[in-house]
1. Kindly list the residues of the range 89-122 that lie in the label zone of residue 223, defined by a backbone N under 18 Å from the point 7 Å along the Cα-to-C-beta vector.
2. For the chain, what does -39500 (n - 2.57) per DSSP helix run (n ≥ 4), summed and divided by total residues, give at 222 nm, in deg cm²/dmol to the nearest 500?
3. So how many Å³ per residue does the convex hull of the Cα atoms of the range 123-188 work out to?
4. Any idea what the dipole of the chain comes to, in debye rounded to 20, about its Cα centre with Lys/Arg Cβ at +1 and Asp/Glu Cβ at -1?
5. In a Gaussian network model over the chain where Cα atoms closer than 10 Å are linked, find which of 97, 277, 138 has the largest mean-square fluctuation.
6. Going by how many other beta carbons lie within 10 Å of each one, how would you line up 355, 60, fewest first?
7. Please find the FRET efficiency linking residue 31 to residue 308, where r is the Cβ-Cβ separation and R0 is fixed at 45 Å, and quote it to the nearest 0.05.
8. Take every Cα pair under 8 Å in the range 1-150 that's 6+ residues apart, average their separations, divide by the length, and report that relative contact order as a whole percent.
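We did not get these values from a lab; they are worked out from the coordinates using the rules stated. What you see is a predicted model, and the numbers here were worked out from it, not measured in a lab. Here the Cβ is made from the backbone with ideal geometry for all residues, glycine too, and neighbour counts use every protein chain on show.
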Amino acid sequence: MALVVQKYGGSSVVDASSIKRVAQRIVATKKAGNDVVVVVSAMGDTTDELLDLAQQVSPLPPGRELDMLLTSGERISMALLAMAIANLGHEARSFTGSQAGVITDSTHGKARIIDVTPGRIREALDGGQIAIVAGFQGVSQDKKDITTLGRGGSDTTAVALAAALDGDVCEIYTDVDGIFTADPRIVRAARQIPRISYEEMMEMAACGAKVLHLRCVEYARRFDLPIHVRSSFSQREGTWVVAARPTPSDSEGSEMEQPIISGVAHDRSEAKITVVGVPDKVGEAAAIFKTLAGAEINIDMIVQNVSAAATGRTDISFTLPATDGTTALTALKKIQDRIGFESLLFDDQIGKVSLIGAGMRSHPGVTAKFFAALADAGVNIEMISTSEIRISVIVGQDEVDSAVSAAHRAFDLDADQVEAVVYGGSGR
Ligand code: ADP
Ligand code: ASP
Ligand code: MG
């Protein structure tokens, strides 16, 4: 008997009829002789709607209360799903993240899982029941407060539970047939990728391909747990996220060559802050980034200009999640007099476009081709960063779509026939 963990995203449970459809799918897996644990997200755009509601009562809601509010979305869907399964004559039990033993640190809004103690889930399985767990939430170890894992975090709940229960596979059900060479909502000619390595998928997720939560891929890699991303609206085989394929030198008969580029990802959720007129002295950059770290802000790209000889001052620009913009600006203003910089600029009309592929390690010219494609599409590059298997650029937000399409075409990723189907979801 296999232990299957299935996760259904918000677009798979938008209303009563889709909850009933998902219930049938779960029961079929159970009837096939598997132990089944299901992780479920909030219905449709519930999380966004709850966030909007919170904004209406407070511009900066306390993290503890916001987490309490947001986790209610998943509790609605877990209970309804358990009822729908019971209606099909099977026993199901729903559990909150806390009841399922998802223990986290106490960073509200982006808590990290530090332990999973799924005793009650194990008990339910031993009793022949289907366990339904509310995604994206846990309980903090020290204060016993309810926490959330960050947007898209239900994927991580699913992988963490699969790892803790020694599951055979973690199936992520969503509104597209798998992982594509670009977001099918932008590139109609995107191709489905049959298998992708943890490494490449981590870069895709880190660069905004929200089909999988970044931490879920990190987690799966650590436990070598295969993830199968597929659609809850079709029976098609999806994409397998697995350990890297052996290279030709590793063993005989392995695949001959990796594709140079696996895909193009984009992210519209970042903003750019420029610290203008920073005195060009030792320790200034350290002070700025120490302040940001103290405010728990994750910085992505950084650019420091050459200082103007006349003034001995320089500008430092960096990108960060747009949602952390206010916190970052407030923290920096507090050190303005001490550092002596002139002013702060904030720009949230930016987007990041990234090219990802393990093959670029051994192929020169990828950067040149990428930049030429952007130039031909009339897209101006504002910032650049690279890793061994990724090149990212910051562009104007309204140029993201054309930049993604141009890069996709330039690297011959367009499919001859359109195969990408978007079954549901608002893309929000
Ligand atoms: P769920 O609600 O099921 O968690 P998400 O909206 O979080 O679904 O993720 C699925 C969406 O991810 C797709 O509808 C698609 O628009 C988007 N996406 C972005 N990049 C990719 C990609 N490379 N392959 C597939 N989907 C992608
Ligand atoms: N409902 C949460 C969100 O919208 C978590 C998830 O769906 O993974 O971000
Ligand atoms: Mg998601």
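1. The answer is 95-105, 111-122, whose backbone nitrogens lie closer than 18 Å to the label point.
2. -10000 deg cm²/dmol, from helical runs alone.
3. Hull volume over Cα atoms, normalised by residue count, gives 139 Å³.
4. 760 debye
5. Answer for the Gaussian network model of the chain: 277.
6. With the fewest neighbours first, 355, 60 line up as 60, 355.
7. 0.05
8. It comes to 25 percent, rounded to a whole number.
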